[in-house]
Each structure stands twice: as C-alpha cells, then as structure tokens.
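See below for the structure under consideration.
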Amino acid sequence: MYAQMVTSEATQDDPEKLAAFQARIDAGEKIEPKEWMPEGYRKTLIRQIGQHAHSEIVGQLPEGNWITRAPTLERKAILLAKVQDEAGHGLYLYCAAETLGVSRDELTEALLAGKMKYSSIFNYPTLTWADIGAVGWLVDGAAIMNQVPLQRTSFGPYSRAMIRICKEESFHQRQGFDIMRKMATGTDAQRHMAQDALNRFWYPSLMMFGPSDKDSVHSAQSMRWKIKMNTNDELRQKFVDQTVPQAEYLGLTVPDPDLRWNAEKGGYDFTEPDWSEFFEVLKGNGPCNAERLAARQKAWDDGAWVRGGLMAHAAKQAAAPVAAE
Ligand code: 3HC
C-alpha cells in the first residue's frame, strides 16, 4: 500500500490542471488535503513529512537517555518537557501526513523496513551531559533554521503544524544554549566537556540540512512547489552565520581551522562536512543506526496489544446498532 502510494512515479497529470496548480502555488495559496494535487506533490510531501515525523520520534532517544542522569531536578524537569514536546511534534506531523492518505502504521512500517529515513543527526551518541546542551543548541538550532521557513510551505496542514513546532523548538534551543553557557563558564573539566560536545556535534549538525545543492535530488522541484522554501546550502550558510558568534560568546572554538568571515559575501567561509560520512550514515552505517531502529522496533512490538485492542474496540463500535435519540 505504502509502496504503491509513495514509490510509484508521478502519474500523467493533466497539463492544464498542473498549470492551474502551479499558478495557485506561485500566488502563495495554501493547498488543502481534499483539493486536487499532482501525484508527485503528494508523494514528495508524504516522504518529507513522514521523514520529519520519524525524526521527531527517533530524536527522543538520544535525549531520553539522559533524563535519569540530569544533574539537577530542574534540568531533569526541563529535559522531560522537551522530550515530551518532541513526541507531540511527531504526532502533529503524522497527522499532517495522514491527510494525504497514508496511515501512521504504514509510515512506521516503512521506517522499520528501511524504506523511509529519519534525520542523520540521531545516529550519533550523546556521551556526556554537555552533549544534551550541544543537541539543544546546535541540533534544535539547525531544526529551527530549516523549519521557520516551512511555516510558509504550500501544504496547509504542514505549514500549520510548523507554527507550533517552531515555538517549542525555540525553547529547546534556548535550554541547550543555557546548558552550554553554564558548562562553558564552569570548571575546567566542564569547559572541556562543552568544547568536546561542540567538536563532535558541529559537522553532524551541518549535515542535517542535507547534501550540498549539487547533490540534492529533490530541491529544485520541491522549491517550485514550495514544499521547501530554501536550498540546503542556503540554510546551512545561515546556520553557520548565526551560530559562530554564539560559540564566540561562549568562549568555545568551532572545530574548523578554515572558518573565516568573508566580508564580500557577508557570511562565513567554512569547511563542508565529510559527505562520505553523511552518505554512510544514510545507508545505515552510522554509530547508532542499529540501536535506534531496534528501539523503534521494540516500541512497535510492545505496542501491538494496544493497537489490537483499539482496532477491536473500533470494530465493535462500528458494528453496534445506532442508539435511538
Ligand atoms: N538525514 C537523513 N536523510 C537526509 C538528510 C538528513 N539530514 N538530508 C537529506 N536526506 C536525504 C533525503 O531524504 C533524500 O533521500 P530520499 O530521496 O531517499 O528521501 C536524499 O538525502 C537527498 O537529499 P535532498 O536534499 O534531495 O532531500 P530533501 O529535498 O528532502 O531535503 C531536508 C532534505 C532538507 C532534510 C528536507 O527533507 C526537509 O526540509 N525536511 C523537513 C525537516 C526535517 O525533516 N527535519 C528533521 C530534523 S530533526 C527535528 O526536527 C527534530 C528536532 O527535535 C530537532
């Protein structure tokens, strides 16, 4: 079912309908679920929103790992709230994908079968408490950079989901920066942990924006359809420009000896991530891919009795005679 919906190539859409659809997009109109849309548009949205939803859910794992080890009660309460927010983001996004005619079960099964992806970043481990700071500051910071423009994306349910998600992601980014600030102004050992976390999370965070524009297979069409509002490289550059002064404020060093302000372009020149590492992580060969998918598989298997019970209840309700007023 999922394969039929998502991997079939675009159907021969009527050129007149296609032109009228593109005119609506160009005029900044929102496309709503029951309206006509090209098959390729629907397919691209299911892929992107589904992948985004999976990222929110899988993204709970590296942080959930630290809930029991947060250094204070306050930090623990904040981290709990953040991880719960991520679960909520996943649910909004699965709901948005469902309006396109794919079920949450199909999306999860596709993830577990290796037919869908989640963000590369969550295949890296969180080894120290400072990593929780780096994840909030850099990973949520990169997520916001990508998602704020998506509030203006052309598909109504996706753009509306993004509005709330972005508000919450801003809190996540601030809490991460606050952890980093505390560590960076603490003892030598804490400063060292903060620098080490930045060293390990810098390039994986840059990879979150996707491959460089020349290797991005979907960007051109997705931007024509306003499913994406910017190219991968545009957002990566904005992220570097925003984050380097924050690192300087913290007294930390971005692990890139070639990082330089380029006055002519009004942005930093920086070293690209190691793209061979990125593509290896996408193929399933990152440090935590197997662990993350095993955790999702276990949650799916453990929840089978709940899904079964709900389906049985729904079937019983549907079969019951309608009660008289
Ligand atoms: N991780 C995993 N896969 C990635 C990736 C990444 N960081 N970046 C790109 N890819 C994949 C693409 O999915 C595509 O593979 P596919 O054809 O098999 O799906 C391939 O690499 C080529 O990349 P493209 O640039 O052509 O792909 P897109 O046009 O889809 O652009 C994107 C990639 C910029 C990530 C885009 O999909 C996007 O903006 N997605 C919405 C945002 C999102 O998913 N964010 C997840 C971040 S985590 C998060 O929000 C959780 C928060 O709590 C931190």
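The values are calculated or read from the model by the stated rules, or taken from the named source; none is laboratory data. Since this is a predicted model, take the numbers as computed values, not measurements. Cβ coordinates were reconstructed from backbone atoms using ideal geometry, including for glycine residues, and neighbour counts include every protein chain displayed.
Things to note:
- Every condition in (1) within 10 Å of the ligand (Cβ to nearest atom); (2) buried (at least 20 other Cβ atoms within 10 Å of the Cβ) holds for S216 except the one numbered (2).
- Residue that is nearest to the chain's Cα centre (by Cα), among those in region 254-268 that are charged (D, E, K, R) and not in a strand (DSSP E or B): D256
- T108 satisfies every condition listed in (1) more than 30 Å from E248 (Cβ to Cβ); (2) in a helix (DSSP H, G or I); (3) within 13 Å of the ligand (Cβ to nearest atom); (4) among the hydroxyl-bearing types (S, T, Y) except (3).
- Residue count, region 177-236 (criterion: in contact (Cβ under 8 Å) with a residue 24 or more places away in the chain, of a type in the set (A, V, I, L, M, F, W, C) and not in a helix (DSSP H, G or I)): 5
- In region 139-168, the qualifying residues are those that are in contact (Cβ under 8 Å) with a residue 60 or more places away in the chain and in contact with an Asp or Glu (Cβ under 9 Å, 6 or more places away or on another chain), and the one that is farthest from the ligand (Cβ to nearest atom) is G156.
- Residues located in region 66-102, provided they are touching a residue at least 40 places away in the same chain (Cβ under 8 Å) and assigned to a loop (DSSP other than H, G, I, E, B): W66, A70, P71, T99, L100, G101, V102
- Within region 47-56, the set of residues being aliphatic (A, V, I, L, M) and either surrounded by fewer than 23 Cβ atoms within 10 Å (Cβ to Cβ) or near the ligand (Cβ under 8 Å from one of its atoms) (or both) comprises just one member, I49.
- Taking the criterion of being within 18 Å of E277 (Cα to Cα) and assigned to a helix (DSSP H, G or I), the residues of region 111-139 that qualify are S120, I121, F122, N123, V139.
- Answer from K76, K82, K117 - the residue that is among the basic types (K, R), surrounded by fewer than 19 Cβ atoms within 10 Å (Cβ to Cβ) and within 15 Å of the chain's Cα centre (by Cα): K117
- Residue count for region 56-104, restricted to those that are of a type in the set (G, A, S) and touching a Phe, Trp or Tyr at 6+ places or on another chain (Cβ under 9 Å): 6
- For the criterion of being among the small types (G, A, S), modelled with pLDDT of 95 or more, more than 11 Å from the ligand (Cβ to nearest atom) and buried (at least 17 other Cβ atoms within 10 Å of the Cβ), A70 passes.
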